[in-house]
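S.K.: Got a structure here, written out as structure tokens. Questions coming.
The values are calculated or read from the model by the stated rules, or taken from the named source; none is laboratory data. For clarity, every value in this text was computed on a predicted model and none was experimentally measured. Backbone-built Cβ (ideal geometry, glycine too); neighbour counts: all protein chains shown.
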């Protein structure tokens, strides 16, 4: 079997081969309180890195209502700073983006609008004009980034995009445009965004125009005008009594993986008897098209549902996928590496697996090749802890 073969291979390899993880530390602790943390966001961008500084963004209820927070671990420091509040009111689904030179930009949903701010500098900038949610960020260069979100247009939400620049006194929005000019005929949600080495911008999102949720993608060479949306799913959508209007897919994540390379992950219910599986697709033309769909988890995860997929990649082409599932009785965090042809056997993350519930991973590969992982751990008291660990690859 696949797992047995993997164990025999590991036994034959040096003990230090593979990802070597640091001890897990807690971020965002609230003393003497039962707190529920959330790491939900479009494109699952809850962890960021900038010149050795690491930031984690999340939402919790420590004040009695949902608020968004950012905690930073300084370069080589053993612990995270105390959390700094991102929002003044009720806040949901924050994201963080490293911008180099130790800088971070954060974005979130508050009061039915989406906001963005350079951490520690300037005022928060409201990007939406109508009711909006599900904001995410993607860096273009040290001075430029893009934001995407879902905003009401007529009766439904559609995906919007803005180009942002870092100015001396904070962030400036150069422009915002819809990915499609036509009003949506059903909801669009949870955009994932990536910028290619050539400056092209690609978005993937949940779309309901066919009366079931599917993954659509669109590409822009200039960050303003996008191609017509195209399907990421390579299996024909067939209406059946079991599947309804289609098989269903949700929660895309997307990142660049080298010159011209993008990789998307999502939850996919084409094998509807076992719940959602993690699927992936690669683009080798900067997001103008994607190739065949690939199942990510190994056969030991095939008969149970996967949740919260995340993806990280380096400019050199290393790709790592993460998610949680309950194949061993309780939720654990699992990783799989792309070897250029297939995803590897799944590996449980030390400190984020075993007894208890560990879930909701967010991951990042920085320029040095360090893998950053944050996740939630359920406490005996019924709340959660926000945990973080880093890893380096040893051959």
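S.K.: Any residue that is crowded, with 17+ Cβ neighbours inside 10 Å, assigned to a loop (DSSP other than H, G, I, E, B) and assigned by TED's automatic domain parsing to the domain that holds residue 110 - is there at least one of those in region 139-160?
M.R.: No, the conditions are met nowhere in region 139-160.
S.K.: Still on this model: Check whether at least one residue in region 282-298 is in contact with a helix residue (DSSP H, G or I) (Cβ under 8 Å, 6 or more places away or on another chain) and within 17 Å of residue 337 (Cβ to Cβ), and report yes or no.
M.R.: yes
Matching residues to (1) surrounded by fewer than 19 Cβ atoms within 10 Å (Cβ to Cβ); (2) under 22 Å from the mean Cα position of the chain (by Cα); (3) closer than 25 Å to residue 195 by Cα:
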{"residue": "74", "(1), (2), (3)": "yes, no, no"}
{"residue": "87", "(1), (2), (3)": "no, yes, no"}
{"residue": "94", "(1), (2), (3)": "no, yes, yes"}
{"residue": "102", "(1), (2), (3)": "yes, yes, yes"}
{"residue": "109", "(1), (2), (3)": "no, yes, yes"}
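S.K.: Let me ask another. Could you identify the single residue in 182, 197, 173 that is over 18 Å from residue 251 (Cβ atoms), in a loop (DSSP other than H, G, I, E, B) and free of Cβ contacts under 8 Å to residues at least 60 places away in the same chain?
M.R.: 182
S.K.: What number of residues within region 315-367 are over 21 Å from residue 377 (Cβ atoms), more than 15 Å from the chain's Cα centre (by Cα) and either in a loop (DSSP other than H, G, I, E, B) or assigned by TED's automatic domain parsing to the domain that holds residue 259 (or both)?
M.R.: Within region 315-367, residues that are over 21 Å from residue 377 (Cβ atoms), more than 15 Å from the chain's Cα centre (by Cα) and either in a loop (DSSP other than H, G, I, E, B) or assigned by TED's automatic domain parsing to the domain that holds residue 259 (or both) number 11.
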